[in-house]
Amino acid sequence: MKIGFDDMEWILCPICKNKTRIKIREDTRLSNFPLYCPKCKQECLIEINKFKITIIKEPDAKTQSR
């Protein structure tokens with residue numbers, strides 16, 4: 001099976017649903033990957049298997065400063 005550039009997808013942020021700076025292929029496997037989103041400035045731990053993204057840990061809520 002030959003995989004080209006057409007078979008690649010951007011990883012979407014699981015929090016704000018915007019594109020991140022990372023592309024994956026169909027055969028990409030990630031485990032315990034810290035995904036950072038430049039738009040919402042959040043980081044979450046994910047797993048990826050066959051374009052299916054699973055969130056392992058979402059970021060903790062930030063406390064409000066006064």
- Determine if segment 13-23 includes at least one residue that is in a loop (DSSP other than H, G, I, E, B), under 8 Å from the mean Cα position of the chain (by Cα) and surrounded by 11 or more Cβ atoms within 10 Å (Cβ to Cβ). yes
- Query: Under 8 Å by Cβ, and 6 or more places apart or on different chains, what pairs join a residue from segment 35-61 that is more than 15 Å from Arg21 (Cα to Cα) with one that is basic (Lys, Arg)?
  - Reply: Leu45/Lys57; Ile48/Arg29; Asn49/Arg29
- All positions within segment 24-54 that are in a strand (DSSP E or B) and of a type in the set (Lys, Arg): Arg25, Arg29, Lys52
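Bear in mind that the values in this text are calculations on the coordinates, not laboratory data. Only a predicted model underlies this, so the values are computations on that prediction, with no experimental measurement involved. Glycine gets a Cβ as well: all are built from the backbone with ideal geometry, and neighbour counts include every protein chain shown.
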